[in-house]
Amino acid sequence: MSKEATVLFDVPGPRARARNMLLTAVVTVVLAVVFAALIWRLYDKGQFEEKLWSPFTEWTVWRHLLLPGLLNTLKAAAVATVLALLFGIVFGLARLSEHWWVRVPAGVVVEFFRGIPLLILIFLAFFVPNKISPAIAESSFGQLQRLSVDYFFSIFGVESNAGTVTVPAFAAVVFGLTMYNGSVLAEVVRAGVLSIPKGQSEAAYSIGLRKNGVMRLVLLPQAITVMMPAIVSQIVVLLKDTALGFIIAYGEFLQAGFKQVPANYENNVLQAGIVVAIIYIAINMSLSRVATWLEARSRRSRKTEAKTMGTAGPPPAAGVGVGEQTVPTI
Amino acid sequence: MFDFSPFFDNFDEIMQGFWATLRLAAAAAVLSLIIGTALASFRVAPVPVLRAFGTGYVNIVRNTPLTLVLLMCSLGLNDILALKFSDTSSTTYYWWAVLGLSAYTGAFVCETLRSGINTVPLGQAEAARSIGLTFTQSLRVIILPQAFRAIIAPLGSVFIAMIKNTTVAAAASYAEVALVTKTIVDKPTFANGVIPLFLGVAIGFLILTLPTGYFFGWLAKRMAVAR
Amino acid sequence: MTDSESGPDLTKNGPEDSAPEPATAGDRPLVVVEHVNKHFGELHVLKDINLTVDSGEVVVVIGPSGGGKSTLCRSINRLEPIDDGTILVDGKELPKEGKDLAKLRADVGMVFQSFNLFAHKTILDNITLGPVKVRKAGRQDSQKHAMELLDRVGIANQANKYPAQLSGGQQQRAAIARSLAMKPKVMLFDEPTSALDPEMVNEVLDVMTGLAREGMTMIVVTHEMGFARRAAQKVVFMADGQIVEENTPDEFFTNARTERAKDFLSKILTH
C-alpha cells in the first residue's frame, strides 16, 4: 500500500486505510461471485467436457492445423512489416519534402489510407482485380497487366488466367496491412524526424550539408532511435490485424484455431477461442515488452537529445493533429 | 469499368449498410466511454484488487485481435452459451457487436483517461489540498477538469479508430457496410461497378472520419490548458 | 512585531463570511513541533525535530540542500506525513485525514516553490476559489476582497489572465494572494523565490516583508539571507535532518555558535 500522495489521492490516514481494506474484501467477494456464475454457466452447457479441450493437447492438431495457421500469420505479418516500413519511410520523407508537388500528393495518399478501414482495403485487393481484370485485359493496358502479374505480383501468389487475375487471400491481406500500417508508419517517421531538436538540423546546415545530407546523416539516424518503440508498437497492431484475414478465409491462425478446429472437433468454439487468445496475447505482450525495453534503453543510451516517441501509439488520426500522448488505433 | 450505374442501383443497400455502421458506432461510443471510465477508475483506485482487475482486463484486450473478441461474442457467447439478447437474429447480432466493440474500445478509452490524469502535475493537487479543498472538491474543481481537457485529442483518435473498427463486425455477421459490400460484390449479376462501389464506400468512410478528426482537433486546441 | 505605517492590513477581516476563528494571540504558541521523526524508506530525513512558533513570529529555516527543511515545512500541513512525534497548530493536533484535515489546511496557507496556480482558471478565479468553495463566502464579496489583495501585491491588472500568461514573479505574488484570501493563521513558504529569475526575486520578497510587518505568522524556508536579516525574529539552521542551531538573525549571522553553522555561513559569500 503506497504511502505517497498522488494526484488523485492524499496520503491515506488510518481511517482511509481501513476503508480500503474493506473495499478490497468486498470487491474480492463480488469478483468471486461473478466468476463462479460464469463457471457454473459453462459447466451447465457442458463446456468442461474432456472432448472439447483434448484436441489442444494432441500434437496432430497442432502440427496440421494450428501451427500452419500460426506460420501463415507470421508470414503475412513479416512480409507486410517489411513493405510497410518501406512505404512508411518513403512517404514519411516525402511529406517532409520542401517541394509541394511531392509533399501534398504524399499527404493525400497517407491520409486516404489512414481514413479508410483496413478491412475495406483488404476487400479492395481481394475483389476488385478479379472483377476488372477481364476488361483491362482487352484494353490497351492488357499487356501491362499480364507482364506486371507474371513478373512482379506472382511473388505474392497472384495468378493470371486468360486475362482474369485472381488475388489470393494472402496477397490481399498483405496489401491491406502494408497500405494501412505503411501510412501510420509514414506519420511516425514524420513525427520522429520533426521531434529532433531544431538545433541539430541548424548545426548540420551551418557546416555546409544540404537537405539530403542533413536528412541522411544527422536527422534520420537520430530519428530511428526515437521511433523504435513506436515502430515496434505498430508491429504489434499489424500482427493483430492479420486476424482480419479470417473474413476472407485466409488460413491464418485465427481461422485455423477458431474455424477449422471446431469444425473437426465437436464445435469447441469457446475453448478454441480461449487457446487462440492466450497465444495471441503471449506473442503480443512479448513484442510490447521488447518495445518498452527499447524505450528504456534508448533513454539511457542518449544517442539523441530528442525524447523517444512513447509506446503509447501512433500519431493522432487525420485532422486531430495536436501532438498529445496517444493510444493505439486498432 | 467506371460505370456508376450499378453503384446507384444498389444505393439503398449501401446506405442501409452505412446506417448500420452509424448505429453501431454511436452505441459503442457511449458504452465504451462508460466502460472506459469505470476501468480507469479501477486502475487508479487505492484498492489493489480493483487495480489488478483493471490492469488485467486492459492487457488482455489490448493484445487480442478485435476479430477474435467479436467472434467470441457471436459464436461463443451467443451460440454456445446461448446468452441471447432477443429472438430476432439481427437485433442479437447488433447488441453483440455493440458489446464486443465497446468492451474492446473501452480498454483504449481507459488508457487515454489514465494518461490524461497523469498530465496533471502533482503540484496542482497539492495546491488544491493546501487551501482546504476536500477530496471530492479537489477532483471536481481542479484535477478532473484539467485531465479531461488533456484527453480530447487522444480520445478523438480512439473514436475514429472505433468508427473504422465497426467493419470488423462483419465477422460477427452484423450487416454493416463492409459485409454489405461483400454481399453486393458476390452477386452474380454484379459485373462492372466494383471501382465505383469501393470509391463510394471509401468516400463514405472519409466523410465519417475526417470531420470527426478535425472537430476533435479544433476542440482540443480550444480547450487546451496553457502551462 | 506590528508596524503601523505600512499599507492596508491584509489580515483584517474582510466582508461578512464564515470567518475563520481568530488565532488566540500571545497566550500560547501557534505551531508546536515536538519530537518529530520521518523516514523516506531507509533515509531518516527528520530527526527528533522540536520547534515552537509564536503568533506573529517570523521564522526562517535555512540550511544546505537535502537537510530536511522542505520536508519539515510540508509536514506542518500534512503534505508529508510524519512517522512519530506531534504537531500542534493553534493548540489542536494535526488531523490525519478527511474533513478535519481539510479544515485545518484552510487555516494554514502555503506558498510553493513552483507557484502551483490552477492552470485552467484565471488569476481572479484562483483567488476566489478557496473562499467560495471552502469558506462558503459569496462570490461578489470574494471577488472584491480578491481584487484588494491583487492590488496589494501589485498585479491588479492581471486579474483576468491565465497563469501561463504571467511572469514567474507575478505568478508567485498571485499565489501569495491566493493563500491570503483564506485568511490563514500561519503561512508556510517553501523556497518561494528559488524558481524565480533574479530580477523578480525582490518583488516577491517585498510582499513577504510587508506581510511580516503586519504581524502574519510565517515559517519561511529560503536561501535569501537578506530577507532573514530584515524580517525574521528567529533563524533555524537545519542540516542532515536535525535542527543544529536556533538563534536571532543578528546573533546567527555575526556570531554563530556551532561549527556546522559557521561552516555553512562561510560558504555563503555576501549576505
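Round to a whole number: what % of the accessible area of the stretch B:18-223 belongs to carbon and sulfur, probe 1.4 Å?
Of the solvent-accessible surface of the stretch B:18-223, carbon and sulfur hold 70 percent.
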Checklist line | Relative contact order, percent, chain A [alpha-carbon distance under 8 Å, six or more residues apart] | finding: 21 percent
Check: Applying 1/(1 + (r/R0)^6) with R0 = 60 Å to the Cβ-Cβ distance of C:Arg257 and B:Arg51, what FRET efficiency is obtained, to the nearest 0.05?
Finding: 0.70
Check: Can you put B:Arg23, B:Arg129, C:Arg139 in order of accessible area, largest first, using a 1.4 Å probe?
Finding: C:Arg139, B:Arg23, B:Arg129
Next item on the list: Could you please report the charge total around C:Arg229, scoring K, R as +1 and D, E as -1 over all other residues with beta-carbon less than 13 angstrom from its beta-carbon?
Entry: -1
Next item on the list: Could you tell me what percent of the DSSP beta bridges with both partners in the protein assembly as shown are antiparallel, to the nearest 5?
Entry: 55 percent
Next item on the list: Would you mind giving the total buried accessible surface between chains C and B, with a 1.4 Å probe and ligands, DNA and RNA left out, rounded to the nearest 100 Å²?
Entry: 1800 Å²
Next item on the list: Report the accessible area of A:Arg19, computed with a 1.4 Å probe over the heavy atoms of all protein chains in place, in Å² rounded to the nearest 10.
Entry: 140 Å²
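Largest first and in whole Å, give the semi-axes of the stretch A:251-295's equivalent ellipsoid, each being the square root of 5 times a Cα gyration tensor eigenvalue.
Working from the Cα gyration tensor, I get semi-axes of 29, 9, 4 Å.
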Checklist line | Spin-label proximity, C:Lys161 to the stretch C:170-196 - amide N less than 11 Å from point 7 Å beyond Cα toward beta carbon | finding: C:170-171
Item checked: P(r), alpha carbons of the stretch B:18-223 - 10 Å bins starting at zero, rounded % -> 8, 27, 30, 20, 10, 3, 1, 0
Item checked: Solvent-accessible area, 1.4 Å probe, carbon plus sulfur percent, for chain C -> 47 percent
Notebook entry, point to check: Dividing the convex hull volume of the alpha carbon atoms of chain A by its residue count, what do you get in Å³ per residue?
Noted result: 205 Å³
Item checked: Residue-normalised accessible area of chain C, given per residue in Å² at a 1.4 Å probe -> 43 Å²
Next item on the list: Could you give the size of the charge dipole of the protein assembly as shown about its Cα centre, using +1 on the Cβ of each K and R and -1 on the Cβ of each D and E, expressed in debye and rounded to the nearest 20?
Entry: 840 debye
Next item on the list: Could you give the size of the charge dipole of the stretch A:1-155 about its Cα centre, using +1 on the Cβ of each K and R and -1 on the Cβ of each D and E, expressed in debye and rounded to the nearest 20?
Entry: 400 debye
Next item on the list: For A:Arg17, A:Arg216, A:Arg114, give the ranking by accessible area with the largest first, probe 1.4 Å.
Entry: A:Arg216, A:Arg17, A:Arg114
Notebook entry, point to check: Are there residues in the stretch A:114-144 whose accessible area shrinks by at least 50 Å² when all protein chains are included rather than the chain by itself, and which are they (probe 1.4 Å, ligands and nucleic acids not counted)?
Noted result: A:Gly115, A:Pro117, A:Ile120, A:Phe123, A:Phe127, A:Lys131, A:Ile132
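Can you give the accessible area buried between chains A and B, summed over both chains, with a 1.4 Å probe, in Å² to the nearest 100? Working shown, then result.
On the way: alone 19720 and 12840 Å², together 26460 Å².
Counting both chains, the buried surface is close to 6100 Å².
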Next item on the list: Between beta-carbons, use under 14 Å as the cut-off and find the net charge around B:Leu144, counting Lys and Arg +1, Asp and Glu -1.
Entry: +4
Item checked: Highest-MSF residue in chain C out of C:Gly67, C:Gly109, C:Gly91 [GNM, Cα springs under 10 Å] -> C:Gly91
Notebook entry, point to check: Heavy-atom accessible surface, probe 1.4 Å, ligands and DNA/RNA ignored: which residues of the stretch B:97-117 lose at least 20 Å² versus the isolated chain?
Noted result: B:Tyr104, B:Phe108, B:Ser115, B:Ile117
Check: So who's got an amide H within less than 5 Å of the one on C:Leu46, skipping anything under 5 residues away but keeping other chains? H placed 1.01 Å off N, in plane.
Finding: C:Lys38
Check: Put +1 on the Cβ of every Lys and Arg and -1 on every Asp and Glu Cβ in chain A; which of A:Val275, A:Ser301, A:Leu83 then has its Cα farthest towards the positive end of the dipole?
Finding: A:Ser301
Check: the stretch A:78-102 to the stretch B:179-205: how many Å between their Cα centroids?
Finding: 29 Å
Notebook entry, point to check: What whole number of Å gives the distance from the Cα centroid of the stretch B:24-73 to the Cα centroid of the stretch C:37-103?
Noted result: 42 Å
Notebook entry, point to check: If you take the C-alpha gyration tensor of chain C, multiply each eigenvalue by 5 and take the square root, what semi-axes do you get, largest first, in whole Å?
Noted result: 29, 22, 18
Next item on the list: Report, to two decimal places, the Cα Rg of the stretch A:111-227 normalised by 2.2 N^0.38 Å (N = number of residues).
Entry: 1.53
Next item on the list: Would you calculate the separation in nanometres between label points at C:Glu199 and A:Arg19, each defined as 7 Å from the Cα along the Cα-to-beta-carbon direction?
Entry: 5.0 nm
Checklist line | Principal axis box of the protein assembly as shown, alpha-carbon based, largest edge first, Å | finding: 105, 74, 52
Next item on the list: Treating only the Cβ atoms of Lys and Arg (+1) and Asp and Glu (-1) as charged, compute the dipole magnitude of chain C about its Cα centre; round to the nearest 20 debye.
Entry: 760 debye
Next item on the list: Return the inverse of the average 1/r over all pairs of distinct C-alpha atoms in the stretch C:152-271, which is the Kirkwood hydrodynamic radius, in Å to one decimal.
Entry: 15.7 Å
Next item on the list: At 1.4 Å probe size, with every protein chain present, just tell me what the per residue accessible area of the stretch B:18-223 comes to in Å².
Entry: 36 Å²
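Could you sort B:Glu126, A:Glu98 by their accessible area in this structure, using a 1.4 Å probe and putting the largest first?
Descending order: A:Glu98, B:Glu126.
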Next item on the list: Please name whichever of B:Val30, B:Val44, B:Ala103 sits farthest to the positive end of the charge dipole of the stretch B:18-223, dipole taken about the Cα centre and charges placed at Cβ: Lys and Arg +1, Asp and Glu -1.
Entry: B:Val44
Next item on the list: In a Gaussian network model over chain A where Cα atoms closer than 10 Å are linked, find which of A:Ser154, A:Ser183, A:Ser298 has the largest mean-square fluctuation.
Entry: A:Ser154
Checklist line | Alpha carbon convex hull of the stretch C:80-131, volume per residue in cubic angstrom | finding: 116 Å³
Check: Cα centroids of the stretch A:55-75 and the stretch A:266-287: how far apart, whole angstrom?
Finding: 12 Å
Checklist line | Efficiency of FRET from Cβ geometry, B:Phe4 and A:Lys75, R₀ 30 Å, rounded to 0.05 | finding: 0.20
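The values are calculated or read from the model by the stated rules, or taken from the named source; none is laboratory data. Just so it is clear, the model here is predicted, and its values are computed rather than measured. Here the Cβ is made from the backbone with ideal geometry for all residues, glycine too, and neighbour counts use every protein chain on show. Heavy atoms of the whole protein, side chains included, go into the accessibility calculation; ligands, DNA and RNA do not. Shrake-Rupley method; radii C 1.70, N 1.55, O 1.52, S 1.80 Å.
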